[in-house]
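Presented below is the structure to which this report refers.
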Amino acid sequence: MLDASIDIKKQICPFLAPKLRAIIEHLPYELLAKTEEIRLRFSRPLLICWAGGESYLGEDGPVAGPGEAYLLSGEDLRQTIELISSYSLYACEDEIRQGYLTIPGGHRVGLAGRVVLEKGTIKVIRDINSCNIRIARQVTGAGERVFPFLIDRRLGRIFHSLIISPPQGGKTTLLRDLARIISDGIGVLGQRGQKVGIVDERSEIAGCYRGVPQLDVGLRTDVLDACPKAEGIMLMLRSLSPQVIITDEIGREEDARAIEEAVHAGVTIIASAHGSSLEDIMHRPILRELLEKNYFERLVFLSNKRGPGTLEMIIEGERGLPLYSANTGGEL
Amino acid sequence: MKLVGAALIIFTAYLMGCQVCALYQRRVRYLEEIIMGLELFRAEVNYGLTPLPQAFQNIGKKFKNPVGSLFVDFSLSLLQGKGLSALECWRAVLEKRSSELALKDEQMEILERLGSTWGQGDKDGQRKQISLIQELLKHALEGARNERQKNDKLWKYLGLLGGVTVVLFLI
């Protein structure tokens, strides 16, 4: 269920330029409750988006076409960026280099503009002309359906799992909820809370604002925010003694080495990867290697066929036996 | 009795002269403090961790009023969340504190110019802008020091002489 309690008026509006703030504040509740993105582009119409729809906004609310919509001025964008960065672009350089800023509540603001390079890598984004405010909504309960498939009841441990889905398929949401469930523990399944470590390279899982998780990731969870995955996993192993490590979008060589290290250290790994089928994954050398070595005991496939986070299939890693399939209507 | 009255008049006139001198001294002190505050802010920019409002809250606490309260007021108005730009907040705060600061118009102008630099640009840009304003302020400070030196004795003597003149008239 979407958590409609996210109050855009309280959490997002303080970061908008006064004119935009006035427009968004006067939108009807139903519209705000489903809004997922607010798009600000220089001298183009103000737009809000949700799953499967969008609406242009004029000064008095939603309008039919781009002609009547409110066009963003440079001043609107400048003020918004100033507020989002807390008047301190100098303090957010690392985040801007990644292309986004995070605001309290874990909401992410994607940025586009002119990129300044230094030695071939992005130094900073200047003249920001486009901003996408993505509203982070925690989907509490997203992992409850999947979780029972991930527990080894015999040994009382959690399987190494890989979550696979195309973009916007709900991977991160599922990872976040699994972190919460594993960390808090579920009494019904006889599962006590375990120590969870999240290596959150893009600050998406826990939505950290200045290092503090803004979304519920559980009571026994430690979050390494904005930390490269491979280094983060090693750091976790060395000093935070996690029982489960959660990270997203693996695919680089060093990620694979770190995962090997964790698996051999007896720590459960739950990770995600882009892809829509097993074939997709097998085409990527690093993921293929990890699968061939049978590191992952459970593969969970998601899609956005019936909205983000549609559970398609769960298969057992070693022999590829399906445990759940949406096509046959459930558990096998 | 006459003698006591005359002494009182001369003393008061001298004190008035001193009051004017104190103004020049205060100007120098305020400018020194503002330059120092900016230096602290530049260090914050270097580490790149503390956002502007928090940085000025900390810096403001290190100085006496009115410079301390100028910085603290600035940070508070940024944190109010009314959606004002840093420039607008800075201007409002400067205006509120201008009578206490008692700076000359050209010195105030330099401070006003600071407003358009807050939070603009990346680390390097911000550092450069602060350095530039610091240079201008140092120049102004130099002028203020010279003025203080020039006027210090002048006003004290003027006070004294003024007092004596009044006394001579009265006698």
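Any read-out appearing in this document is the output of simple, stated calculations on the displayed coordinates, not a laboratory observation. Quantities reported herein were computed from a predicted structural model and do not represent experimental measurements. Cβ coordinates were reconstructed from backbone atoms using ideal geometry, including for glycine residues, and neighbour counts include every protein chain displayed.
Shown here: the protein assembly as shown, whose C-alpha atoms stretch 118, 56, 47 Å along the first, second and third principal axes, sorted largest to smallest. The GluC sites (Glu not before Pro) found in segment A:1-102 that occupy coil by DSSP, while having at most 16 further C-beta atoms within 10 Å, are A:GLU59.
Kirkwood radius, segment A:263-326, all distinct C-alpha pairs, inverse of mean reciprocal distance: 12.6 Å. Output the antiparallel fraction of DSSP beta bridges having both residues in the protein assembly as shown, as a percent to the nearest 5. Antiparallel bridges make up about 65 percent of those DSSP assigns within the protein assembly as shown. Computing FRET efficiency as 1/(1 + (r/R0)^6) for B:ARG113 and B:GLU88, where r is the C-beta to C-beta distance and R0 is 22 Å, gives about 0.90. Ranked from largest, the principal axis spans of the Cα set of segment A:147-331 equal 43, 39, 33 Å.
For segment B:30-151, a crude dipole built from +1 on the beta carbon of Lys and Arg and -1 on the beta carbon of Asp and Glu, taken about the Cα centre, is about 240 debye to the nearest 20. A Förster radius of 25 Å, combined with the Cβ-Cβ distance separating A:ASN327 from A:GLU144, puts the computed FRET efficiency at roughly 0.70.
Our coupling estimate for segment A:284-295, obtained by passing each phi through the Karplus curve with A = 6.51, B = -1.76, C = 1.60 and θ = phi - 60°, is 9, x, 5, 5, 4, 4, 4, 6, 5, 7, 6, 5 Hz, Gly and Pro reported as x. Here the Gaussian network model covers chain A, with springs between Cα atoms less than 10 Å apart; of A:ASP76, A:ASP200, A:ASP60, A:ASP60 fluctuates the most. Build a GNM of chain A with springs between Cα atoms under 10 Å apart, and of A:ILE164, A:ILE181, A:ILE315 the one that fluctuates most is A:ILE315. Between the beta carbons of B:VAL164 and B:ALA102, assuming R0 = 25 Å, the FRET efficiency works out to 0.30 to the nearest 0.05.
For segment A:1-97, the Kirkwood estimate of the hydrodynamic radius, built from every pair of different alpha carbons, is 14.1 Å.
Comparing A:ARG238, A:ARG176, A:ARG134 in a Gaussian network model of chain A, where Cα atoms under 10 Å apart are tied by springs, the biggest mean-square fluctuation is seen for A:ARG238. Placing unit charges on the Cβ atoms of the charged side chains and taking the dipole of segment A:249-331 about its Cα centre, the candidate lying farthest along the positive direction among A:SER325, A:PHE296, A:ILE315 is A:SER325. Counting Cβ atoms of other protein chains within 10 Å of each residue's Cβ and taking the mean over peptide B:111-122 gives 3.
On a per residue basis, the convex hull of the C-alpha atoms belonging to chain B measures out at 123 Å³.
Mean partner shielding of peptide B:52-58, defined as the number of other chain Cβ atoms within 10 Å of each residue Cβ, is 3. Distance between the C-alpha centres of segment A:163-225 and segment A:287-318: 18 Å, rounded to the whole angstrom.
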